[in-house]
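The values are calculated or read from the model by the stated rules, or taken from the named source; none is laboratory data. Remember, predicted model here, so these are calculated numbers, not experimental data. All Cβ positions, glycine included, derive from the backbone under ideal geometry; neighbour counts span all protein chains shown. Just so you know, the surface numbers come from the protein's heavy atoms only, side chains and all, with ligands and any DNA or RNA stripped out. Shrake-Rupley method; radii C 1.70, N 1.55, O 1.52, S 1.80 Å.
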Amino acid sequence: MSLRLSSSRAFVVLGIVTRLSAPAWADDKSAVKQQEKHFEKEITIQVKLEYLLYLPNGYEKEGKAWPLVLFLHGAGESGQDLNKVKVHGPPKLAEAGKDFPFIVVSPQSPRMGWDAQTLNALLDDVVSSYRVDKDRVYVTGLSMGGFGTWALAAAYPERFAALVPICGGGNTADAKKLAGIPIWVFHGAKDNVVPPSRSENMVKALKEAGAKNLKFTLYPKANHDSWTETYNNSEMWAWLLQQKRGHHPKD
């Protein structure tokens, strides 16, 4: 007589076999399944950036320290051709012959985005090589550079005397770290590339964090290009140069 098992009974038998073959530690609730470990190692990384440097008239003759403006370009100027950096902002104005009473450093991102650690290392090098007033170091940028301005200042808030982020956006969770820095935010109300809400949300968060020296200009008719009018605004430059960072003994 042949022996037959229904599919349901076969399933039960299989289940019993599997259960019996389970490892003993599966039932041992006291067994240590993970160990806590610690890893620590100092590493050195190499970073590099190509950049434009503008030195003000009188730099060579006068031995004083000068303010420094770090300018961060937008996505369209990324790459390997420094001439692209001259199409907007302070580098464009300097190329056209405008005299600035400060040093301008305009790096070029080789790809999309800005790396805060690399930019900070660049500033370290420029400060050590040129006569820079450490209490008057400013950062400004447009679009991708606006995002970079927020991110760099959040990573190194003790470094900057003031920020001018244009049509960018930041992390509202960083507001407490940024609240003590003078900031003038610019955006176009009709911006269809970076929504003006990105700047509005940062301004709101900064106010809630207790920011005192905070300005926000929303151009009612401007689209994404809110930087041309901003960088041509003498009032903005006058305000920027009035800002000074508090004393930091570690410098």
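Odds and ends about this structure:
- One quarter of the convex hull surface built on the alpha carbon atoms of the chain amounts to 25.3 nm², the projected area averaged over directions.
- Take the Cβ atoms of residue 57 and residue 213, set R0 to 30 Å, and the FRET efficiency comes out at 0.55.
- Of 86/215; 134/244; 48/84; 176/244; 134/177, pairs whose Cα-Cα distance is over 21 Å: 86/215
- Along its three principal directions, the equivalent ellipsoid of the stretch 65-178 from the Cα gyration tensor extends over semi-axes of 20, 18, 13 Å, largest first.
- Overall size of the stretch 120-251 from C-alpha positions, given as principal axis extents largest first: 43, 30, 24 Å.
- The magnitude of the dipole of the stretch 111-251, with charges of +1 and -1 set on the Cβ of Lys/Arg and Asp/Glu and taken from the Cα centre, is near 300 debye.
- In the chain, the DSSP-assigned H stretches of four residues or longer account for a calculated mean residue ellipticity at 222 nm of -9000 deg cm²/dmol, using -39500 (n - 2.57) per stretch and the full residue count as denominator.
- For the chain, share of DSSP beta bridges that run antiparallel, in % to the nearest 5: 20 percent
- Backbone N atoms of the stretch 158-177 closer than 16 Å to the 7 Å Cα→Cβ label point of residue 117 are not found in any residue.
- One chain, two ends: residue 98 and residue 235. Fully extended at 0.36 nm per residue, the span grows by 47.8 nm beyond their Cα-Cα distance.
- Placing +1 on the Cβ of every Lys and Arg and -1 on the Cβ of every Asp and Glu, with no other charges, gives the chain a dipole of roughly 820 debye about its Cα centre.
- Protein heavy-atom accessible surface, 1.4 Å probe, per residue over the chain: 59 Å².
- Spatial separation of Cα centroids for the stretch 146-203 and the stretch 58-114, in angstrom: 19 Å
- Sulfur and carbon atoms: percent of accessible area, the chain [1.4 Å]: 52 percent
- Residue range of the chain that is longest and free of GluC sites (Glu not before Pro) which are both DSSP loop and sparsely packed (at most 11 other C-beta within 10 Å): 63-251
- Annotation note: trypsin sites (Lys or Arg not before Pro) in the stretch 162-251 located in DSSP loop regions with a Cβ neighbour count of at most 10 within 10 Å are 212, 221, 250.
- The residues packed around residue 153, meaning those with a beta-carbon under 12 Å from its beta-carbon, carry a net charge of +1 if Lys and Arg are +1 and Asp and Glu are -1.
- Note, ³J(HN,Hα) from phi for the stretch 132-148, Karplus 6.51, -1.76, 1.60, rounded to Hz, x at Gly and Pro: 10, 6, 5, 8, 9, 9, 10, 10, 9, x, 10, 6, 4, x, x, 4, x
- Normalised by residue count, the stretch 185-251 yields a Cα convex hull volume of 125 Å³ per residue.
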